[in-house]
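Report on the structure given below.
The values are calculated or read from the model by the stated rules, or taken from the named source; none is laboratory data. The shown structure was predicted, so the numbers you read here are calculated from the model rather than taken from an experiment. Note that we place each Cβ from the backbone using ideal geometry, even for glycine, and neighbour counts take in every protein chain shown. Quick note on the areas: whole protein, heavy atoms, side chains included, nothing else; ligands and nucleic acids left out. Shrake-Rupley method; radii C 1.70, N 1.55, O 1.52, S 1.80 Å.
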Amino acid sequence: MNTLGIDLGTSELKLALVDATGALVASAGAPLAVSRPHPHWAEQHPHDWWNALAVAAQALRSRHPDAWDAVRAIGLSGQMHGAVLVDEERRVLRPAILWSDTRSSAQCEELMRRLPSLPQIAGNLAMPGFTAPKLLWVAQHEPAIFRRIGQVLLPKDWLRWRLTATAVSDMSDAAGTLWLDVGRRAWSPQLLQAGGMTLAQMPAVVEGSDVSGHLQRDAAVALGLPEGLPVAGGGGDNAASAVGIGATQPGQGFLSLGTSGVLFVVTDRYRPNPASAVHAFCHALPGRWHQMSVMLSAANGLQWITRLTGSDSEAALLERVEALTDAQRDRAPLFLPYLSGERTPHNDPHATGVFFGMDNETDAARLGHGVIEGVAFGLADGLQALRDAGTEVHRLTLVGGGARSAHWAQLLADTLDIELMTADGAEAGGAIGAGRLAWLALGRSEAEVCRPPAARALFQPRAERRAASAGRLERFRELYRRTRDLVSRD
């Protein structure tokens, strides 16, 4: 028997077939594109997610028909914070506003004026990436649409509705809305009132390992699966990825190099530290929470510099970066990786990318090094924020698309001064975690299905690179301090 894990990412929808030990059987994916019709905007149409699911499902089913026929439950994972607005008949009212959309900075300030205690209840500062300020923006700029809202669904939960005809979210994803009392694991009347929303507009919330509904006929026919399969609550992308790599107990965690960059550590209780823009969320598993630092552009920065330099591929550019000598790297331009603003530790939606220190020797390889080093430095700022909150971090599993580069992994270990491990199947961690949560919904235990995957490689920090890295990190931090007020705040 298998379960099906569905992971709705920003750039790709991934599927994973997961066996009864929690191991990956097979996977498939379908690409997604982001629309940016105006500066600071990032949108996708929900129907594109359903189409991507159908494409990926057909591919996986055709390649592994027996494994597909053995599916007994479904789990969901997905990009957090996005707002899918539907009317009373569940018709989509406008394109979904995504986590990377930063148009609502003024509305964040308004939320804080309305409810100064918001960070203590929600476990987070009001930031443009979260869901609540997006709805305030809609209320102020698209009032006709706002008046028609019957319900707000998070991205993966809109897919759940298409699968089950039920409006349900899970604790970990709901914790990213600024409407959930994260300590109590329940919608907060105070937070909803501050955001101009009502409890009736919220989906029900369940634990990630609970059954949230059952596959209804139309969806079953479209996917080639039996009607009535249970669908687990699932998790936000990071919480599901943690389950996928076995980070289920306090102190365990991962570093994700996806579109965004995330440092994630499991905690046994609610430990908010919003002053440093550290996120405190519910885990996808009952009775656990997690702390998280987030930078908004990580592997996205590598994609950007690959396009900008006309390199054949990201892998080809990284080969050129790896060929640089240490002396060349130490003279490469510094790069502030804030292509979409920044969260931890700056909470600055207006922050921009900056190259500093270019000369006649600057080429694509040096620019590429500056970008991946800048991402490492941004993650070092996030790690320091976690440590300032009292979280001890010594070893993390490296996941996400960036984990494919051994050179980048070693650079991160040197910069962060911690051990990093890559693991088999970690690239599909969110989808595997969703599949594991589906097994838990069927009654399996965490000990049976949430074991860490086999280690692929271990990266130890190199003392001989620490001094050079520390000096460039301090210059990186000073560069942000010196340039932040030069950026337009409009």
Can you confirm whether Val243 is closer than 24 Å to Val265 by Cβ, open to solvent by 10 Å² or more (accessible area, probe 1.4 Å) and of a type in the set (A, V, I, L, M, F, W, C)? no
Of Ala403, Ala441, the only residue that is open to solvent by 10 Å² or more (accessible area, probe 1.4 Å), modelled with pLDDT under 90 and among the hydrophobic types (A, V, I, L, M, F, W, C) is Ala403
Quick check on the range 417-426. Is at least one of its residues over 20 Å from Val294 (Cα atoms), open to solvent by 60 Å² or more (accessible area, probe 1.4 Å) and either modelled with pLDDT of 90 or more or hydrophobic (A, V, I, L, M, F, W, C) (or both)?
no
Pro286 vs (1) in contact with a Ser or Thr (Cβ under 9 Å, 6 or more places away or on another chain); (2) within 19 Å of Ala403 (Cβ to Cβ): all pass except (2)
**Message:** Given the criteria under 30 Å from Arg103 (Cβ atoms), in contact with a helix residue (DSSP H, G or I) (Cβ under 8 Å, 6 or more places away or on another chain) and small (Gly, Ala, Ser), does Ala364 qualify?
**Reply:** no
When restricted to Ala20, Ala70, the only residue closer than 21 Å to Gly235 by Cβ and either surrounded by fewer than 16 Cβ atoms within 10 Å (Cβ to Cβ) or small (Gly, Ala, Ser) (or both) is Ala20
Selection from the range 311-334 of residues farther than 25 Å from Gly382 by Cα and outside any helix (DSSP H, G or I) yields Ser311, Asp312, Ser313, Ala323, Leu324, Thr325
Hey, does the range 202-213 have a residue that's open to solvent by less than 10 Å² (accessible area, probe 1.4 Å), assigned to a loop (DSSP other than H, G, I, E, B) and either at pLDDT below 95 or among the hydroxyl-bearing types (Ser, Thr, Tyr) (or both)? no
Does Glu392 fit the bill of being within 29 Å of Ala277 (Cα to Cα), open to solvent by 20 Å² or more (accessible area, probe 1.4 Å) and either of a type in the set (S, T, N, Q) or not in a helix (DSSP H, G or I) (or both)? yes
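Being β-branched (Val, Ile, Thr) and under 17 Å from the mean Cα position of the chain (by Cα) is the filter; apply it to the range 85-130 and report the residue that is nearest to Arg343 (Cα to Cα).
That would be Thr102.
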Of the listed residues (Ser77, Ser35, Ser11), the one being of a type in the set (Gly, Ala, Ser), touching a residue at least 40 places away in the same chain (Cβ under 8 Å), touching a strand residue (DSSP E or B) at 6+ places or on another chain (Cβ under 7 Å) and surrounded by fewer than 16 Cβ atoms within 10 Å (Cβ to Cβ) is Ser35
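Quick one: in the range 335-377, of everything that is small (Gly, Ala, Ser) and part of a loop (DSSP other than H, G, I, E, B), which residue is surrounded by the fewest Cβ atoms within 10 Å (Cβ to Cβ)?
Only one residue tops the list, namely Gly357.
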Would a scan of the range 45-52 turn up a residue that is more than 20 Å from Ile245 (Cα to Cα), part of a strand (DSSP E or B) and either at pLDDT below 95 or open to solvent by less than 70 Å² (accessible area, probe 1.4 Å) (or both)?
no
* Is there a residue being farther than 28 Å from Ala428 by Cα and in contact with a Ser or Thr (Cβ under 7 Å, 6 or more places away or on another chain) anywhere in the range 137-159? -> yes
The condition of being part of a helix (DSSP H, G or I) and either without any contact (Cβ under 8 Å) to a residue 60 or more places away in the chain or crowded, with 24+ Cβ neighbours inside 10 Å (or both) holds, among Gly301, Gly287, Gly228, only for Gly301
Restricting the range 80-93 to residues that are part of a loop (DSSP other than H, G, I, E, B) and open to solvent by 20 Å² or more (accessible area, probe 1.4 Å), the one farthest from Ala26 (Cα to Cα) turns out to be Glu88
When restricted to Leu111, Leu118, Leu125, the only residue modelled with pLDDT under 95 and surrounded by 15 or more Cβ atoms within 10 Å (Cβ to Cβ) is Leu125
Scanning the range 382-396 residue by residue, the ones that are in contact with a Leu (Cβ under 7 Å, 6 or more places away or on another chain) and either modelled with pLDDT under 85 or of a type in the set (S, T, N, Q) (or both) total 1
**Prompt:** What do you reckon, is Gly75 more than 20 Å from Trp439 (Cα to Cα) and assigned to a strand (DSSP E or B)?
**Reply:** no
